Amino acid sequence: MHTLADSSIRPLLHIDAVDVHYGAVQALFGVSIEVRAGEVVSVLGGNASGKSTTLKSVLGLVRPSKGRIVLDGKEIQGLRPADVIDLGVASVPEGRRVFPDMSVRENLLLGAYPRRRDKAAVAADLDEVFQAFPRLAERRSQLAGTLSGGEQQMLALGRAWLRRARLVCIDEPSMGLSPKFVDAVYEVLFRWKDAGQTILLVEQNARIALELADRAYVLQHGHVVLHGRAADLAADPAVQEAYLGGEGPEMVPAPNGQDA
Ligand SMILES: Nc1ncnc2c1ncn2[C@@H]1O[C@H](COP(=O)(O)OP(=O)(O)OP(=O)(O)O)[C@@H](O)[C@H]1O
Ligand SMILES: [Mg+2]
């Protein structure tokens with residue numbers, strides 16, 4: 001794995017001075033983000049700061065009006081989403097879209113569809129995912145639509161795992177989950193990171209994202225206002241004040257169980 005000091009290494013992903021407009025509304029202003037192979041990079045920020053738009057620009061779901069998106073030396077801005085996926089980028093979108101009328105196992109195998117001929121490797125990876133997510137293993141024959149929100153989030157992550165993608169883009173995996181499920185989802189992300197997976201992670205839950213990430217970028221109104229090593233950002237009083245809720249614990253259980 002590379003060290004960050006080694007600036008001679010070309011990043012796997014370089015979002016380079018990207019602007020995005022939605023009609024007359026500008027959502028991103030000269031956003032630049034680098035992700036090196038093997039790194040977990042997190043994009044933090046409040047609501048409407050442009051986090052999802054940043055991911056969508058990588059995935060070909062929105063087209064930058066300015067700037068470049070470079071994947072392993074190749075400019076990909078303006079490519080169709082299917083072509084970006086073909087280049088080895090996987091997506092776990094906000095709202096964990098699973099196929100409700102297919103079983104857990106079938107949903108997972110869809111992730112492996114591009115390499116379905118490699119049956120032995122896919123079977124081994126499926127075992128690995130079932131080990132990482134025992135809840136999915138227990139429910140492998142259950143219809144995905146009957147899973148809880150937290151379980152569906154796990155399924156969406158497991159499906160991306162089976163892609164063996166070069167880069168996985170994950171949007172708010174903790175959204176709407178109880179603290180227990182957030183921990184369970186992040187446990188899997190830690191394992192995935194340890195296995196060497198390169199991840200671009202969008203999160204509002206800065207506390208947990210900064211624990212997982214190697215580096216992070218903070219977006220505000222479509223601008224990168226801070227970036228650096230995750231550990232340095234976590235120790236930064238301005239970040240603590242704005243995103244980590246001061247000194248105390250950030251996660252407070254919902255009063256009436258409005259949770260996954
Ligand atoms: N399809 C769209 N059409 C018009 N405006 C949009 C569209 N998608 C996003 N925007 C606007 O772009 C800005 C950034 O939105 P984005 O979804 O990237 O924010 P976010 O940081 O992911 O927010 P959240 O934390 O709420 O998910 C917002 O002001 C939003 O209203
Ligand atoms: Mg979003």
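What follows is calculated from the coordinates using simple rules that are stated; it is not laboratory data. None of the values given here were measured: they were computed from a predicted structure. Here the Cβ is made from the backbone with ideal geometry for all residues, glycine too, and neighbour counts use every protein chain on show.
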Problem - Table column - 3J(HN,Hα) (Hz), segment 104-115, Karplus curve with 6.51, -1.76, 1.60, x for Gly and Pro - result: 4, 4, 5, 4, 5, 5, 4, x, 8, 3, x, 10
Exercise for the section: Return the long-range amide H neighbours of L28 (sequence gap of 5 or more, or a different chain), with a cut-off of under 5 Å between placed amide H atoms. Expected result: V20
Fill in the blank from the handout: Sorted by chain and then number, the residues having a modelled amide H within less than 5 Å of the amide H of M102, at least 5 places away or on another chain, are A144, G145
Handout entry: Ranked packing of 235-243, 124-132, most packed first, by mean Cβ within 10 Å
Key = 124-132, 235-243
Problem - Long-range HN-HN contacts of H221 with modeled amide H, under 5 Å - result: none
Practice task
Describe numerically, in nm with one decimal, the distance between label points set 7 Å from Cα along Cα→Cβ at V25 and at E187.
Solution key: 3.9
Practice task
Report the residue, chosen from M154, M175, M102, that carries the largest GNM mean-square fluctuation when the chain is represented by alpha-carbon nodes joined by springs under 10 Å.
Solution key: M102
Practice task
Any chance you could list P(r) for segment 8-78, counting all Cα-Cα pairs in 5 angstrom bins from zero, rounded to whole %?
Solution key: 4, 17, 28, 26, 15, 7, 2, 0
Handout entry: Cα-based shape type of the chain, given that a ≥ b ≥ c are square roots of the gyration tensor eigenvalues and the cut on a/c is 1.5
Key = oblate
Exercise for the section: Considering only N47, N205, N107, give the residue with the highest GNM mean-square fluctuation for the chain, with springs between Cα atoms whenever their separation is below 10 Å. Expected result: N47
Completion exercise
Phi angles of segment 64-81, converted by Karplus (6.51 cos²θ - 1.76 cosθ + 1.60, θ = phi - 60°) into ³J(HN,Hα) in whole Hz with x for Gly and Pro, give x, 8, 7, x, 10, 10, 10, 10, 6, x, 10, 6, 10, 4, x, 5, 6, x
Fill in the blank from the handout: Taking Cα pairs closer than 8 Å and at least 6 residues apart, the relative contact order of the chain in percent is 25
Handout entry: Neighbour net charge for Y186 - beta-carbon separation under 13 angstrom, K R +1, D E -1
Key = -2
Practice task
Per residue of segment 158-169, in order, report the coupling 6.51 cos²θ - 1.76 cosθ + 1.60 (Karplus, θ = phi - 60°) as ³J(HN,Hα) in whole Hz, putting x for Gly and Pro.
Solution key: x, 5, 5, 4, 5, 5, 6, 6, 6, 9, 10, 9
Completion exercise
Straight-line reach check, K51, cutoff 27 Å on alpha carbons, 8 or more apart in-chain or any other chain, hits among lysines -> K66, K74, K180, K193
